[in-house]
Amino acid sequence: MLIRSDPLRGVASLRQAMDDVLEQSLVRHGWPETLPQMLPPMDVEETDQGYHIRLSVPGFNPENLEVIAQPNTLTIRGEVKQEETERQKRKNLLRREIRTEAFERNVTFDRPLDPDNITVSYENGILELDIPAREEAKARHISVTSTKQAKAMGAGQTEQTQGGQTTQQQRGQG
């Protein structure tokens with residue numbers, strides 16, 4: 001009788017145990033104050049025209065958001081400062097979970113961006129950007145000349161090649 005062994009069988013339970021320990025540790029020691037900066041979730045889609053981004057930024061107003069386009073990188077920044085109300089100033093605040101929030105997301109693209117034609121919309125906490133890609137530079141043929149030929153051309157001489165023979169002549173002579 002053959003007994004199969006699964007070396008990864010215990011990994012799932014180990015991972016769950018680690019998650020439980022981490023979660024309990026954070027809750028006991030002042031979560032969420034100890035959490036690092038949270039980044040808003042984002043979807044990035046490549047389209048025929050370029051790219052489309054959806055960013056979930058609830059609690060942010062359009063004036064709290066900034067979009068910066070560079071040749072192949074888009075940066076989205078946001079900051080919300082919680083103003084203290086008169087009531088909060090008079091009372092001893094025991095816990096503050098609504099706090100100043102700031103984020104910065106950078107996305108690098110394969111194709112160069114067209115920053116002049118980016119469209120941005122914001123509704124119900126969702127920031128959407130349509131980012132057209134700039135048309136890539138077309139390949140073009142560039143002729144190669146020798147230094148000798150370039151100097152001769154500057155002195156009023158031309159060079160012609162026929163059947164592997166190169167001849168020079170003064171301009172205006174035939």
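Laboratory data are not the source of any read-out in this text; all were calculated from the coordinates shown. Since this is a predicted model, take the numbers as computed values, not measurements. Don't worry about glycine lacking a Cβ; one is built from the backbone with ideal geometry, like all the others, and counts go over all protein chains shown.
A few comments on the model shown:
- Ranking of GLU135, GLU128, GLU101 by count of other Cβ atoms within 10 Å, fewest first: GLU135, GLU128, GLU101
- For GLU46, the shell of other residues with beta-carbons less than 13 Å away shows a net charge of -4, using +1 for Lys and Arg and -1 for Asp and Glu.
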